[in-house]
Every structure is written in C-alpha cells, then in structure tokens.
1. When each pair of different Cα atoms in segment 1-53 is counted once in the 1/r mean, what is the Kirkwood radius in angstroms, to one decimal?
2. With unit charges on the beta carbons (Lys and Arg positive, Asp and Glu negative) and the dipole taken about the Cα centre of the chain, which residue among VAL82, LEU36, GLN7 sits farthest to the positive side?
3. For ARG41 and GLU78, FRET efficiency with R0 = 35 Å and r from the beta-carbon atoms, rounded to 0.05?
4. Counting only Cα, what are the radius of gyration and maximum Cα-Cα distance Dmax of the chain, in Å?
5. What list of ³J(HN,Hα) couplings, whole Hz, do you get for segment 13-26 from phi and the Karplus terms 6.51, -1.76, 1.60, once you set θ to phi - 60° and write x for glycine and proline?
6. Calculate the dipole size of the chain relative to its Cα centre from +1 charges on Lys and Arg beta carbons and -1 charges on Asp and Glu beta carbons; express the result in debye to the nearest 20.
7. State the percentage of accessible surface on the chain attributable to carbon and sulfur atoms; use a 1.4 Å probe and exclude ligands, DNA and RNA.
8. Give the cross-link partners of LYS28 among the lysines, using a straight C-alpha distance below 29 Å as the criterion and excluding same-chain residues fewer than 8 apart.
Amino acid sequence: MKAANKQLAEWDAELNQLHERNGDLGLKVQMLEQELKEVRRDREEIKNSAPTVAEFPESADLLNQLRAQRKKTRAEREDVEVILRLLGR
C-alpha cells in the first residue's frame, strides 16, 4: 500500500508539472497569436500605404539616360519597353 501511495504521489507531482507546462505553453500560444495579428496588421498598413504603381519615365527617356551612361549599349527602345512591362508598368 505504501508503494502504491508513493507511486500515486509521484504521478500527482508529474501531473502538476504537466499542467503548469501546459499553462505556460497556452500562454505562449496566446502571445504568439497576438504577435501574428500585429504583424499582419502592420503588413496590411504598409501594403495599403505603399504606391501600387511605380512611376517610370517613358521608354525613350530611359533609353536616352542609359545611352548617356553607357555609350556603347546595344539596347533598343523595344528592349526598354519590355523591361518596363516586366516591372509592372
């Protein structure tokens, strides 16, 4: 009987430790959920405040700027237009 009571006491202590750990983990989950909500809200605010379309100069102007910096470039206006399309203009 004494051995059984001792075993019961050990299981009780272990169960209490598991309950404490479960409570700690539950609190941590709540904190992480709150942090995730804040990050999502911040991300949405940044997304909403950022311009959706970047303003690029006309393809001819960009080509002229490129040629001013790189005299021997073989790029054509059509190349610049494709690049602008790829950038989402």
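1. Kirkwood hydrodynamic radius for segment 1-53: 14.8 Å.
2. Checking the options against the dipole of the chain, the answer is VAL82.
3. 0.20
4. 32.0, 97
5. In residue order, the calculated couplings are 5, 5, 4, 4, 4, 5, 5, 5, 5, 4, x, 4, 5, x Hz.
6. 560 debye
7. 53 percent
8. Within the straight-line cut-off, LYS28 pairs with LYS37, LYS47.
The values are calculated or read from the model by the stated rules, or taken from the named source; none is laboratory data. The structure presented is a predicted model; accordingly, all values stated were derived computationally and were not measured. Glycine also receives a Cβ, built like all others from the backbone with ideal geometry; neighbour counts cover every protein chain displayed. The accessibility values were calculated without ligands, DNA or RNA, using every heavy atom of the protein model including side chains. Shrake-Rupley method; radii C 1.70, N 1.55, O 1.52, S 1.80 Å.
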